[in-house]
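Notes follow the structure.
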Amino acid sequence: MKFFIDTADVGEIREASELGLLDGVTTNPSLLSQQSGDPIEILREITKIVDGPVSAEVTATDHEGMVREGLALRKIAENIVVKVPMTLEGIKAIRSLSSENVPTNCTLIFSSAQALMAAKAGATFASPFVGRLDDISQDGMELIAQCVRIYDNYDFATEVLVASVRHPIHLQQAALMGAHVATMPAKVIGQLAKHPLTDIGLERFLADWEKVKNRN
Ligand code: E4P
């Protein structure tokens, strides 16, 4: 399973990449708005830190505008993936971009019918948002199971990119379902390594080792 970080914070991306487990980055207009400076320059810096795909989202709402913006974003670096919202105009844009071999990430997916459309349009990634579904009392993880199954049924090359991940259990369940990618905030990446029994166990090992060291 690929691990992406969901942030536009260069410091967080640098720190996560030092782990050696980071396969890519997803950004969105809201995440970029939280950073100061020119978004294009921020994206350029991110593409230099991470070799893998870096999603940069278009803000046009008509397909010609999306394609134009997408092609401009691709000029930032080779590893830019054009993030396009799941609308009918977005589907047309994904179709055009993928026919020109431009990698795309179809974002804001909340149903398996939307995920199916994204795959048929040739999206490289499809991003179902689990946390935002959970927020309205729908089962976000059930959507992941459906997307994985549908893509499997028809051998789609599109990868299920689990987005809006809020905690490690989302990641564990997504991995069990066979989702290809999960994008997580830095906080969740940190939580993945944590277990209270690990901390207690390590504390005990180190305390016992102190006793050995003090033997003579
Ligand atoms: C994915 O690409 C989105 O940027 C992101 O996962 C949205 O997450 P949120 O629901 O926590 O804003």
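Every residue, every condition in (1) over 29 Å from residue 141 (Cβ atoms); (2) within 14 Å of the ligand (Cβ to nearest atom); (3) β-branched (Val, Ile, Thr); (4) surrounded by fewer than 21 Cβ atoms within 10 Å (Cβ to Cβ), yes or no:
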site: 10; (1), (2), (3), (4): yes, no, yes, yes
site: 18; (1), (2), (3), (4): yes, no, no, yes
site: 25; (1), (2), (3), (4): no, yes, yes, no
site: 31; (1), (2), (3), (4): no, yes, no, yes
site: 48; (1), (2), (3), (4): yes, no, no, yes
site: 69; (1), (2), (3), (4): yes, no, no, yes
site: 81; (1), (2), (3), (4): no, yes, yes, no
site: 96; (1), (2), (3), (4): yes, no, no, yes
site: 112; (1), (2), (3), (4): no, no, no, yes
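Can you confirm whether residue 52 is surrounded by fewer than 19 Cβ atoms within 10 Å (Cβ to Cβ), away from the ligand (no atom under 15 Å from the Cβ) and assigned to a loop (DSSP other than H, G, I, E, B)?
Numbers: surrounded by fewer than 19 Cβ atoms within 10 Å (Cβ to Cβ): yes; away from the ligand (no atom under 15 Å from the Cβ): no; assigned to a loop (DSSP other than H, G, I, E, B): yes.
So residue 52 does not fit the description; no.
Considering only residues of segment 33-46 that are touching a residue at least 24 places away in the same chain (Cβ under 8 Å) and of a type in the set (S, T, N, Q), which is surrounded by the fewest Cβ atoms within 10 Å (Cβ to Cβ)?
The qualifying residue surrounded by the fewest Cβ atoms within 10 Å (Cβ to Cβ) is 34.
Please pick out the residue among 150, 169 that is of a type in the set (Val, Ile, Thr) and free of Cβ contacts under 8 Å to residues at least 24 places away in the same chain. Walk me through it before giving the result.
On the way: 150 fails: free of Cβ contacts under 8 Å to residues at least 24 places away in the same chain.
Going through 150, 169 in turn, just one is of a type in the set (Val, Ile, Thr) and free of Cβ contacts under 8 Å to residues at least 24 places away in the same chain: 169.
Quick one: in segment 123-132, of everything that is surrounded by fewer than 20 Cβ atoms within 10 Å (Cβ to Cβ) and not aromatic (Phe, Trp, Tyr), which residue is farthest from residue 168 (Cα to Cα)? Walk me through it before giving the result.
Filtering segment 123-132 down to residues surrounded by fewer than 20 Cβ atoms within 10 Å (Cβ to Cβ) leaves 129, 131-132.
Checking which are not aromatic (Phe, Trp, Tyr) leaves us with 131-132.
Values: 131: 12, 132: 16 Å.
So, considering only residues that are surrounded by fewer than 20 Cβ atoms within 10 Å (Cβ to Cβ) and not aromatic (Phe, Trp, Tyr), the one farthest from residue 168 (Cα to Cα) is 132.
Mind listing just one residue for me: the one in segment 68-103 that is hydrophobic (A, V, I, L, M, F, W, C), more than 18 Å from residue 120 (Cβ to Cβ) and assigned to a helix (DSSP H, G or I) and, of those, nearest to the chain's Cα centre (by Cα)? Please lay out each step first, then the result.
Our first condition is that a residue be hydrophobic (A, V, I, L, M, F, W, C); within segment 68-103, this holds for 71-73, 76-77, 80-82, 84, 86, 88, 91, 93-94, 97, 102.
Within this subset, residues satisfying the condition of being more than 18 Å from residue 120 (Cβ to Cβ) are 71-73, 76-77, 80-81.
Filter once more, so that each one left must be assigned to a helix (DSSP H, G or I): 71-73.
Values: 71: 21, 72: 21, 73: 18 Å.
Once the filter is applied, the top-ranked residue is 73.
Since every read-out is calculated from the coordinates, none of them should be taken as a lab result. As the structure is a computational prediction, the values presented were derived from the model and not from experiment. Quick reminder, even Gly has a Cβ in these numbers, built from the backbone with ideal geometry, and neighbours come from all protein chains shown.
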